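Notes follow once the structure below has been shown.
The values are calculated or read from the model by the stated rules, or taken from the named source; none is laboratory data. What you see is a predicted model, and the numbers here were worked out from it, not measured in a lab. Cβ placement follows ideal geometry from the backbone for every residue including glycine, while neighbour counts extend to all protein chains displayed.
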Amino acid sequence: MNHDLTKGSVTKSLLTFAAPMILGNLLQQCYNIADTWVVGKFVGADALAAVGSSYALMTFLNSLLIGLCMGGGAVFSYYIGKDDREKVRSCVQTAFVMIGVLAVVLTVLSQIWMNPILMLLRTPEELYGMTKDYLTVVFWGIFFIFLYNYFAFLLRALGNSVAPLYFLAMASILNIILDLFFVCSLGRGLFGAAEATVIAQAVSGLGLGVYLWKKEPYFRFSVSGFLRGEKPVGEICRYSLMTGMQQSVMNFGILMVQSLVNSFGPAVMAAFAATVKIDTFAYMPAQEFGNAYSIFISQNYGAGKSDRVRRGTKKAMTVSAVFCGVISILVFAFARFLMLIFVDTEEMEIIEIGMQYLRIEGAFYIGIGILFLLYGYFRGINRPGVSLVLTVISLGTRVVLAYVLAAVPGIGVLGIWWAIPIGWALADVTGFIIMHRAEKKQNSK
């Protein structure tokens, strides 16, 4: 079912469209949640640390592709709002070729440069072999990640946020079943967890592609049509590269923090591995709500409905702030219970470190919730460069403060945790200032 986001109740449109996206992204997190849980419970703490260290690198590479697909989706949404279907079609075909080629290149380079990357991350010697084994398999799924996200953002631009949810649900269930079978029944350890993830990603990506081929014949790729038709390479590059850079900068900062975390040893690494999963799962609804809001803004901006853009922004800010406040309270209160999901009770050092992280960083989820909306707003009004600037401010502050504070005696790893909400706050303030100036300029015309 396709929704026209330029009509009807603003709040209802946002929530109805965002709900399947939120559920879908929560299910997507089940890929790594399942790996982390199975590995932590049935393989051991060292394997958990290896998976956690791998997660930051995987997220960095995947985020580039997701950002490119997200930028393409913003272009699709804009022209759908303008009701220019032919322009949408030419953008869809051009973006598929450009991003698809990059996905293949990333797959090859990730295998070639595996050892230098692991050395750059300061992976401990005792975890080096396990981390490399896990990543060698997982990185073969990069192209399937591109397929799923490309087709998902196209369908969402068309107003269909339900179909991607169905395929993610199917893939998530399959991933959990295969995790348990490969690791517990066949005893394949980290190899089994990685194989389960890649197979599940293939099912979601290829399956969604077949669905789009059948349900939206107008957007079927045609080699002859691509060669003859207009190729809006510059426009796709501007949106996709800016958004891809934003996502990459965001996760490159996280990758640098992971390197710092690795220097504190396996216990901190294992705690960080578990808390990052909890963290991501906790604020992922706010992130996906920001993506839905961005599509809402794109369609209405393309349709010239500035008043609806303003009303949607106010409603979105309220919804995100309330949700993030509630989640912060729950994470703070149940920090110990959440750690016990991934770590056995006898691993007290890991549990205590993880609880510290959750009760410092998790208390300020409202900061990241608002930041996701600011990203979506500037992406939706054709200013993706501002989103990149806000990301640089947020992650730059986080990385610099983390390295500075972690070196101070008596602070150590606590400095890494405190750097996160401080970075969010600075980026939020900057974003609101730029937004206010843009609206003031628009009103003066």
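MET355 - would you say it is over 18 Å from the mean Cα position of the chain (by Cα), closer than 30 Å to GLY81 by Cα and either of a type in the set (Lys, Arg) or in a helix (DSSP H, G or I) (or both)? The answer is no for MET355. Of the residues examined, ASN291 is not one that is modelled with pLDDT under 70 and part of a helix (DSSP H, G or I). Scanning region 430-441 for residues that are surrounded by 13 or more Cβ atoms within 10 Å (Cβ to Cβ) and among the β-branched types (Val, Ile, Thr) gives THR430, ILE434.
When VAL399, VAL386, VAL408 are checked against the criterion of being among the β-branched types (Val, Ile, Thr) and under 28 Å from ALA157 (Cα atoms), a single residue qualifies: VAL386. Restricting region 170-195 to residues that are under 16 Å from TYR134 (Cα atoms) and not hydrophobic (A, V, I, L, M, F, W, C), the residue that is modelled with the highest pLDDT is GLU195. On the stretch given as region 110-128, residues that are surrounded by fewer than 17 Cβ atoms within 10 Å (Cβ to Cβ) and either within 23 Å of ILE199 (Cβ to Cβ) or among the β-branched types (Val, Ile, Thr) (or both) total 3.
Any residue in region 351-365 that is touching a residue at least 12 places away in the same chain (Cβ under 8 Å), farther than 21 Å from MET269 by Cβ and out of contact with any Ser or Thr (no Cβ under 6 Å at 6 or more places or on another chain)? Scanning region 351-365, I find at least one residue that is touching a residue at least 12 places away in the same chain (Cβ under 8 Å), farther than 21 Å from MET269 by Cβ and out of contact with any Ser or Thr (no Cβ under 6 Å at 6 or more places or on another chain), so the answer is yes. When region 65-87 is limited to residues that are surrounded by fewer than 22 Cβ atoms within 10 Å (Cβ to Cβ) and in a helix (DSSP H, G or I), the one that is modelled with the highest pLDDT turns out to be LYS87.
Within region 335-350, can you find the residues that are buried (at least 19 other Cβ atoms within 10 Å of the Cβ) and either without any contact (Cβ under 8 Å) to a residue 40 or more places away in the chain or part of a helix (DSSP H, G or I) (or both)?
ALA335, LEU338, MET339, PHE342, ILE350
Taking the numbered list (1) under 22 Å from TYR293 (Cα atoms); (2) assigned to a helix (DSSP H, G or I); (3) within 18 Å of the chain's Cα centre (by Cα) in turn, ALA103 passes all entries but (1).
Considering (1) touching a Lys or Arg at 6+ places or on another chain (Cβ under 8 Å); (2) modelled with pLDDT under 75, the lone condition that ASN115 does not fulfil carries the number (2). Take the residues in region 399-418 that are closer than 23 Å to THR280 by Cα and free of Cβ contacts under 8 Å to residues at least 24 places away in the same chain; name whichever of them is surrounded by the fewest Cβ atoms within 10 Å (Cβ to Cβ). Across region 399-418, the extreme among qualifying residues is VAL400. Residue check: is GLY396 buried (at least 19 other Cβ atoms within 10 Å of the Cβ), closer than 30 Å to ILE236 by Cβ and not β-branched (Val, Ile, Thr)? So GLY396 does not fit the description; no. Considering only residues in region 151-184 that are more than 17 Å from the chain's Cα centre (by Cα) and of a type in the set (S, T, N, Q), the one that is nearest to PHE219 (Cα to Cα) turns out to be ASN160. Given the structure, is ILE433 free of Cβ contacts under 8 Å to residues at least 24 places away in the same chain and assigned to a helix (DSSP H, G or I)? In short, yes. Checked against (1) surrounded by fewer than 17 Cβ atoms within 10 Å (Cβ to Cβ); (2) part of a helix (DSSP H, G or I); (3) over 25 Å from the mean Cα position of the chain (by Cα), GLY385 passes all but condition (3).
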